[in-house]
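Quick notes on the structure that follows.
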Amino acid sequence: MATGDERDRLAAMRRRLAARPNAVRFGELRVLLIAHGFAVRSGRGSHVVFERGEQRLTIPYRPGTVLAVYVRRALALCEEDR
């Protein structure tokens, strides 16, 4: 179970990522998804698959920033479990 400080930190991270979805690095998104219970499974080639139960999100790894569409999908999945 997340402590109060951890919940506050995750909420701040979600707000920051939602405010600038075009400037999110893969590592930031990975931290958020893992904190929300997703497990990392290597995909094929440059793709990484995050799984939590029946939910699955595949994100292509690219240098620089992740496309905003993947950030929005990840944030939507994280909102579902709140």
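Every number in this text was worked out from the coordinates using simple rules, so none of it is lab data. On a predicted model such as this, the values are computed, not experimentally measured, just so you know. Here the Cβ is made from the backbone with ideal geometry for all residues, glycine too, and neighbour counts use every protein chain on show.
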Among Glu54, Glu79, rank each residue by its count of other Cβ atoms within 10 Å, from fewest to most, as a rough exposure measure. Glu54, Glu79
For the chain, what's the relative contact order in percent, using C-alpha pairs closer than 8 Å and at least 6 residues apart? 31
Hull surface divided by four, with the convex hull built on the Cα atoms of the range 1-46: how many nm²? 3.8
For the chain, the convex hull over Cα atoms projects on average to an area in nm² of 5.2
